[in-house]
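Here's the structure, in structure tokens; my notes come after.
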Amino acid sequence: MVKMKDYGFFLPVAAKGKTVVIDGEVKMKTTSVAELKHYAEDAKKSKAEIDAITKPEKEVRVTAKGIIIVE
């Protein structure tokens with residue numbers, strides 16, 4: 001997941017699938033089973049889908065200061 005610092009800029013939809021160079025801070029985040037189940041409940045997922053969540057998820061998050069789209 002990439003977020004832009006202070007929502008200072010956004011990427012155009014046309015950037016999807018392109019190669020980018022990002023300057024920013026990278027962090028690893030682990031989302032607990034309880035939090036994942038809470039998100040699933042908020043998304044109105046079925047009880048079976050919620051009960052299937054049994055492991056935490058790891059995610060790499062980037063807070064970008066700048067992004068260059070490489071053509």
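The percentage of C-alpha pairs in segment 2-70 whose separation is greater than 19 Å is 52%. Counting only residues at least eight positions apart within a chain, or on another chain, the lysines with an alpha carbon under 22 Å from that of Lys5 are Lys16, Lys18, Lys27, Lys29, Lys58, Lys65. Our helix-only sum for the chain, with -39,500 (n - 2.57) per DSSP H run of n ≥ 4 divided by its residues, gives a mean residue ellipticity at 222 nm of -5500 deg cm²/dmol.
If you filter the chain for chymotrypsin sites (Phe, Trp or Tyr not before Pro), then keep DSSP loop positions with at most 11 other Cβ within 10 Å, what is left?
Working: sites: Tyr7, Phe9, Phe10, Tyr39; in loops: Phe9, Phe10.
For chymotrypsin sites (Phe, Trp or Tyr not before Pro) across the chain that sit outside H, G, I, E and B with at most 11 neighbouring Cβ atoms in 10 Å, the list reads Phe9, Phe10.
Straight-line reach from Lys47: taking Cα to Cα under 21 Å and skipping same-chain neighbours fewer than 8 places apart, the lysines in range are Lys37, Lys55.
If you run the Gaussian network model on the chain, springs between alpha carbon atoms under 10 Å, then out of Lys37, Lys16, Lys58 the most flexible one is Lys16.
Relative contact order of segment 2-70: 55 percent, from C-alpha pairs under 8 Å at least 6 residues apart in sequence.
Rounded to whole numbers, the Karplus 3J(HN,Hα) couplings from phi for segment 38-44 are 4, 4, 5, 4, 4, 7, 6 Hz, using 6.51 cos²θ - 1.76 cosθ + 1.60 with θ = phi - 60°, and x at Gly and Pro.
To the nearest 0.05, how large is the calculated FRET efficiency for Ala52 and Ile22 if R₀ is 35 Å and r is the Cβ-Cβ distance?
Details: r = 33 Å, r/R0 = 0.94.
Efficiency for this residue pair is about 0.60.
About its Cα centre, the chain has a charge dipole of approximately 40 debye under the convention of +1 per Lys or Arg Cβ and -1 per Asp or Glu Cβ, with nothing else charged. In this structure, the amide hydrogen of Gly24, modeled 1.01 Å from its nitrogen in the peptide plane, lies closer than 5 angstrom to those of Lys65, counting only residues at least 5 positions away or on a different chain.
A short reminder: the numbers here are calculations on the coordinates, not readings from a lab. The structure displayed is predicted, hence computed values, not measured ones. Note: ideal-geometry Cβ built from the backbone for every residue, glycine included; neighbour counts use all protein chains shown.
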